[in-house]
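A.B. asks: Submitted below is the structure of interest, expressed as structure tokens.
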Amino acid sequence: MKDNLFTENLKQSTGMRVFLFLVILLISSLIGIALSALFMFSGDTGMKIGQGISSIMMFVVPPIVYYCITRKAFPMQALGFRRLSPPRWLFLIGVALIFVSIPFTTTLTTWNESMSLGGVFEPLEEWMRTLEETAQAAVERMANVSTIGGFLLNLLILALIPAVGEEMTFRGVLQQSLTRKMNPHLAILLSAAIFSFIHFQFFGFLPRMFLGILLGYMFYVTNSLWTSIAMHFINNGCLVTLYYLNNVGIINVDVDHFGETHNIWIIAASAVITVGLIAWSWRRRDCTSASCS
């Protein structure tokens with residue numbers, strides 16, 4: 001009886017659900033940090049294993065525990081692991097968006113990196129840039145492999161686990177919870193902003209938020225985490241692949257600015273086509289729901 005009352009209160013109170021999820025997230029993250037510390041001095045492979053454990057404990061475990069407590073029945077479906085809603089080929093539009101948006105995203109990256117706070121905010125800016133450089137150095141160290149085995153391990157640690165875990169947390173829990181209480185467009189924007197902020201890489205905030213917006217919209221229109229997970233994995237996997245191809249000498253590119261162009265027409269076309277595909281996908285979802293032609 002008490003268990004049923006607790007579950008009902010959770011369903012009725014958004015504040016209680018948010019608080020519960022934050023508690024689960026904090027406890028699981030602390031456990032993940034402690035476990036990953038065990039591999040800190042075990043070389044590059046140990047560092048990657050520690051990173052994988054940390055990602056799982058921070059982003060994979062909390063959503064599962066949260067939904068098991070609040071939903072009980074079919075928690076994975078409630079989390080977003082559902083069949084694609086028709087038209088199912090919108091999944092392919094989501095994949096295409098990752099590539100179509102590259103010129104616009106890299107422009108956002110360059111613009112974000114060139115931002116300067118200055119004045120009284122200069123110490124804050126220096127701290128944020130130091131944080132950014134430290135994170136980037138860690139990624140480059142882990143991505144610096146020249147063997148197939150190392151490449152496959154990187155795909156798992158740096159691409160697949162973050163794609164699954166972050167989509168479970170930010171789209172499966174956060175966006176779905178916000179969508180129940182507010183306009184879906186606002187819910188998508190807010191969850192994308194939190195998704196970007198939580199990485200604590202402030203001079204990459206805008207392109208990461210834009211990625212979160214793409215992921216959020218395509219999750220919403222297809223009603224399935226499989227879409228946003230695939231998009232997220234492709235985005236991360238392309239970076240891992242570029243680092244590997246650079247290291248083995250097949251290509252020689254600036255990975256962080258791959259696809260960058262100063263051609264304003266290409267940038268504009270990328271932005272317009274990206275927004276157009278999202279709007280069209282939204283329209284197709286509405287048409288399917290209303291059975292319009």
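A.B. asks: May I ask you to list the residues in the range 235-252 that are touching a Ser or Thr at 6+ places or on another chain (Cβ under 7 Å) and among the β-branched types (Val, Ile, Thr)?
C.D. replies: Listed by number, the list holds a single entry, 248.
A.B. asks: Something else now. Pick from the range 246-284 the residues that are in contact with a Leu (Cβ under 8 Å, 6 or more places away or on another chain) and hydrophobic (A, V, I, L, M, F, W, C): which of them is farthest from residue 188 (Cα to Cα)?
C.D. replies: Across the range 246-284, the extreme among qualifying residues is 251.
A.B. asks: Restricting attention to the range 97-116, report how many residues are farther than 17 Å from residue 268 by Cα and surrounded by 14 or more Cβ atoms within 10 Å (Cβ to Cβ).
C.D. replies: 2
A.B. asks: If you don't mind, another one. If you take the residues in the range 35-63 that are open to solvent by 60 Å² or more (accessible area, probe 1.4 Å) and hydrophobic (A, V, I, L, M, F, W, C), which one is farthest from residue 164 (Cα to Cα)?
C.D. replies: 41
A.B. asks: While we're here: Any residue at all in the range 141-150 that's in a helix (DSSP H, G or I), over 28 Å from residue 32 (Cβ atoms) and of a type in the set (S, T, N, Q)?
C.D. replies: No, there is no match, as no residue in the range 141-150 is in a helix (DSSP H, G or I), over 28 Å from residue 32 (Cβ atoms) and of a type in the set (S, T, N, Q).
A.B. asks: Return the only residue of 253, 221 being within 25 Å of residue 156 (Cα to Cα) and over 13 Å from the mean Cα position of the chain (by Cα).
C.D. replies: 253
A.B. asks: Take the residues in the range 86-116 that are of a type outside the set (Lys, Arg) and assigned to a loop (DSSP other than H, G, I, E, B), then tell me which one is nearest to residue 274 (Cα to Cα).
C.D. replies: 101
A.B. asks: Let me ask you something else. Could we say that residue 167 is open to solvent by less than 50 Å² (accessible area, probe 1.4 Å), touching a helix residue (DSSP H, G or I) at 6+ places or on another chain (Cβ under 6 Å) and of a type in the set (Asp, Glu) here?
C.D. replies: yes
A.B. asks: Against the definition (touching a Pro at 6+ places or on another chain (Cβ under 8 Å) and crowded, with 16+ Cβ neighbours inside 10 Å), how does residue 278 come out, yes or no?
C.D. replies: no
A.B. asks: Quick one: which residue in 132, 126 is assigned to a helix (DSSP H, G or I), within 19 Å of the chain's Cα centre (by Cα) and surrounded by 11 or more Cβ atoms within 10 Å (Cβ to Cβ)?
C.D. replies: Among 132, 126, only 132 is assigned to a helix (DSSP H, G or I), within 19 Å of the chain's Cα centre (by Cα) and surrounded by 11 or more Cβ atoms within 10 Å (Cβ to Cβ).
A.B. asks: Could you check the range 176-293 for helices (runs of 4 or more DSSP H) lying wholly inside it with 2 or more residues that are polar (S, T, N, Q) and over 22 Å from residue 112 (Cβ atoms)?
C.D. replies: Ranges flagged: 176-179, 225-247, 264-290.
A.B. asks: When residues of the range 180-211 are filtered for being open to solvent by less than 40 Å² (accessible area, probe 1.4 Å), in contact (Cβ under 8 Å) with a residue 40 or more places away in the chain and over 11 Å from the mean Cα position of the chain (by Cα), how many remain?
C.D. replies: 4
The values are calculated or read from the model by the stated rules, or taken from the named source; none is laboratory data. What you see is a predicted model, and the numbers here were worked out from it, not measured in a lab. Note: ideal-geometry Cβ built from the backbone for every residue, glycine included; neighbour counts use all protein chains shown. The area values use the complete protein model at the heavy-atom level, side chains included, leaving out ligands, DNA and RNA. Shrake-Rupley method; radii C 1.70, N 1.55, O 1.52, S 1.80 Å.
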